[in-house]
Amino acid sequence: MNWEENMLSMKTVATIFSMAIGAASAGFADELGKRDYMSGCAGCHGESGLGEGQIAELLTISVPDLTTLSENNDGEFPMLQVIHVIDGRTGLRAHGGPMPVWGDIYKMEAAGSSGVAGGAEALARGRILSIAYYLESIQK
């Protein structure tokens, strides 16, 4: 087997391995996402995601019902848009600005302690993706 065939074979194995891990860990990602949602989002969005958190009445903007994201998007969960809003570092500020920039917060929390390829950035993105998976799981 030449170098190019070997690289193609390695990429194929890596792709299959990544897909298997992703499928097996979707439920785990939902649980991690739920934990982060409850600690960082439920204060405003409510434990059920209906926008009725304890802090919501103190805000000057209305807090959206996160259980209708798919319904409001022709039945399709807007995964990329949700990730961008949670991350907050893309410039997309659907909340008008006051929502915390979780991408920066999670990255600072993980700085120097990850040991993962990509380090703190990879951990921050993983946490954000987990929250998005959790939100997808609570759609009406």
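Please enumerate the residues belonging to segment 69-91 that are part of a helix (DSSP H, G or I) and more than 17 Å from Asp36 (Cβ to Cβ).
Once the filter is applied, which keeps residues that are part of a helix (DSSP H, G or I) and more than 17 Å from Asp36 (Cβ to Cβ), segment 69-91 yields Glu71, Asn72, Asn73, Leu80, Gln81.
Give the residue that is modelled with the lowest pLDDT, with candidates limited to residues of segment 105-138 that are surrounded by 15 or more Cβ atoms within 10 Å (Cβ to Cβ), among the small types (Gly, Ala, Ser) and more than 14 Å from Met79 (Cα to Cα).
Per the criteria, the residue is Ser114.
Can you go through Leu80, Leu69, Leu50 and tell me which one is surrounded by 18 or more Cβ atoms within 10 Å (Cβ to Cβ) and either at pLDDT 95 or above or closer than 12 Å to Ala132 by Cα (or both)?
Working: Leu80 fails: surrounded by 18 or more Cβ atoms within 10 Å (Cβ to Cβ); Leu50 fails: surrounded by 18 or more Cβ atoms within 10 Å (Cβ to Cβ).
Sole residue among the options that is surrounded by 18 or more Cβ atoms within 10 Å (Cβ to Cβ) and either at pLDDT 95 or above or closer than 12 Å to Ala132 by Cα (or both): Leu69.
The values are calculated or read from the model by the stated rules, or taken from the named source; none is laboratory data. Everything quoted here is computed from the prediction, not taken from an experiment. When we count neighbours, we look across all protein chains shown, and the Cβ atoms used for this are built from the backbone with ideal geometry, even at glycine.
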